[in-house]
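Visitor: Following this message is one structure expressed as structure tokens.
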Ligand SMILES: Nc1ncnc2c1ncn2[C@@H]1O[C@H](COP(=O)(O)OP(=O)(O)OP(=O)(O)O)[C@@H](O)[C@H]1O
Ligand SMILES: [Mg+2]
């Protein structure tokens, strides 16, 4: 088995652990439904979508929810590597008809947390993700889990996340600190709102806790709600 790439001690005292608890509490506060599907996306690559998706999924699994993390980033699948899993075939084959759901799901990558990985695909990805088969697959998965977390491609790369927001209850928008331009943020926001997405809020990721901007050593992240996100966009005009 390959090495696991993430996981802070989520029950520990680190700022990241604390931020994850805040994120979990905020979403539970905003959306009172017991069961939900959450899409995680961002404007551009490498802002930390897969990191946040996996750790948010973990944080809810830790408090007893039955959670499934689905890798819908067929263009750059990474969810499996967070858990040290090398064989990452799953969603792509289900949608193309070569695998059934039960065989594709990797059970208990952590306690209460299952994973539906995917293979890499380059062609017709958007079409595949908006197919009837995908819609019925999501319904099936939503019946079996309390929480389905969907990892996606960045919105500047593809409309996938906006399409997937239609089969979800809400979206976590990840923003890598100091990584995106106003134009990119506006574009991503526009794509989500024209899809009618319900934005739970924005996670500002890769914030250096020392306050001196981006730092490689002490990544942490903070949560801001939708209102702050709107103000942020306005102030930059
Ligand atoms: N808060 C964080 N603390 C520590 N490392 C982080 C954090 N956020 C992201 N990383 C690391 O930064 C890199 C990029 O993150 P990740 O793969 O989650 O980004 P992504 O938005 O999913 O990228 P892509 O667009 O390629 O899918 C990874 O190596 C990840 O482990
Ligand atoms: Mg990713």
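The values are calculated or read from the model by the stated rules, or taken from the named source; none is laboratory data. Everything quoted here is computed from the prediction, not taken from an experiment. Counting neighbours? That spans all protein chains shown, and the Cβs are built from the backbone with ideal geometry, glycine included.
Visitor: Give region 42-79 a look and list any residue that's farther than 19 Å from residue 129 by Cα, under 12 Å from the mean Cα position of the chain (by Cα) and within 12 Å of ligand 2 (Cβ to nearest atom), or say none.
Guide: Within region 42-79, 47, 48, 51, 52, 54 meet the criteria.
Visitor: Being farther than 15 Å from residue 48 by Cα and touching a helix residue (DSSP H, G or I) at 6+ places or on another chain (Cβ under 6 Å) is the filter here, so list the residues in region 160-182 that pass it.
Guide: The answer is 160, 162, 163, 167.
Visitor: Moving to a separate point now. Which residue pairs have Cβ atoms closer than 9 Å, lie 6 or more positions apart in sequence or on different chains, and pair a first residue in region 44-62 that is closer than 19 Å to residue 189 by Cβ and touching a residue at least 40 places away in the same chain (Cβ under 8 Å) with a second residue that is more than 9 Å from ligand 2 (Cβ to nearest atom) and part of a helix (DSSP H, G or I)?
Guide: From residues that are closer than 19 Å to residue 189 by Cβ and touching a residue at least 40 places away in the same chain (Cβ under 8 Å), the pairs are 44/184; 44/188; 49/161; 52/20; 52/23.
Visitor: A further question on this structure: So the check is Cβ under 9 Å with 6+ separation or different chains; which pairs have a first residue in region 189-207 that's touching a residue at least 40 places away in the same chain (Cβ under 8 Å) and within 17 Å of residue 25 (Cβ to Cβ) and a second one that's assigned to a loop (DSSP other than H, G, I, E, B) and away from ligand 1 (no atom under 16 Å from the Cβ)?
Guide: 200/31; 200/169
Visitor: A further question follows. Could you figure out which of (1) modelled with pLDDT of 95 or more; (2) closer than 20 Å to residue 55 by Cβ isn't true of residue 140?
Guide: (2)
Visitor: Of the numbered conditions (1) over 20 Å from residue 71 (Cα atoms); (2) at pLDDT below 95, residue 195 satisfies every one except a single condition; which is it?
Guide: (2)
Visitor: Show me the strands (runs of 3 or more DSSP E) found entirely inside region 32-119 where at least 1 residues are in contact with a strand residue (DSSP E or B) (Cβ under 7 Å, 6 or more places away or on another chain) and within 13 Å of ligand 1 (Cβ to nearest atom).
Guide: 36-42, 67-71
Visitor: Ok, one more. Considering every residue within region 87-100, establish whether at least one is within 27 Å of residue 46 (Cβ to Cβ), in contact with a helix residue (DSSP H, G or I) (Cβ under 9 Å, 6 or more places away or on another chain) and surrounded by fewer than 17 Cβ atoms within 10 Å (Cβ to Cβ).
Guide: yes
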